[in-house]
Amino acid sequence: MNWLLFNMDLKPSTSLLMGKLHIINGKTLIASYMATSGLSGHQEKKHQSWRGIGAIPECKKVGISHYSVLTEPYGRISNPETTDVFFLD
């Protein structure tokens with residue numbers, strides 16, 4: 001089973017901080033990508049959970065063991081000109 005691991009060092013900064021999103025199968029690293037969470041200037045630990053601007057909160061901060069991501073694509077039928085695939089949570 002594949003799973004995702006996101007690592008990012010939250011700290012004060014006026015520029016956009018980047019982290020890494022890893023795709024892992026069992027114990028084997030499949031791929032890694034540059035990724036981010038939160039807007040520049042709002043990527044400190046104190047900004048976790050600030051909706052729309054802060055970083056995704058650590059699991060322990062919100063009392064969960066892990067996040068899950070729906071991997072079944074949802075086609076946008078309401079606008080047939082749109083060919084993008086969307087994922088719902």
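The values are calculated or read from the model by the stated rules, or taken from the named source; none is laboratory data. For clarity, every value in this text was computed on a predicted model and none was experimentally measured. A quick note on method: Cβ atoms are made from the backbone with ideal geometry, for glycine too, and the neighbour counts reach across all protein chains shown. When the accessible area is computed, the model is the full protein with side chains, heavy atoms only, and any ligands, DNA or RNA have been set aside. Shrake-Rupley method; radii C 1.70, N 1.55, O 1.52, S 1.80 Å.
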Simple spin-label estimate for S32/S13, 7 Å along Cα→Cβ, in nm, reads 1.5
Quick tally, 1.4 Å probe accessible area for T36, T28, sorted with the most first, runs T28, T36
Any lysines whose Cα falls less than 17 Å from that of K11, other than same-chain ones fewer than 8 residues away, would be K20, K45, K46, K61
With a Förster distance of 30 angstrom and the Cβ-Cβ distance between V62 and I24, calculated FRET efficiency to the nearest 0.05 equals 0.85
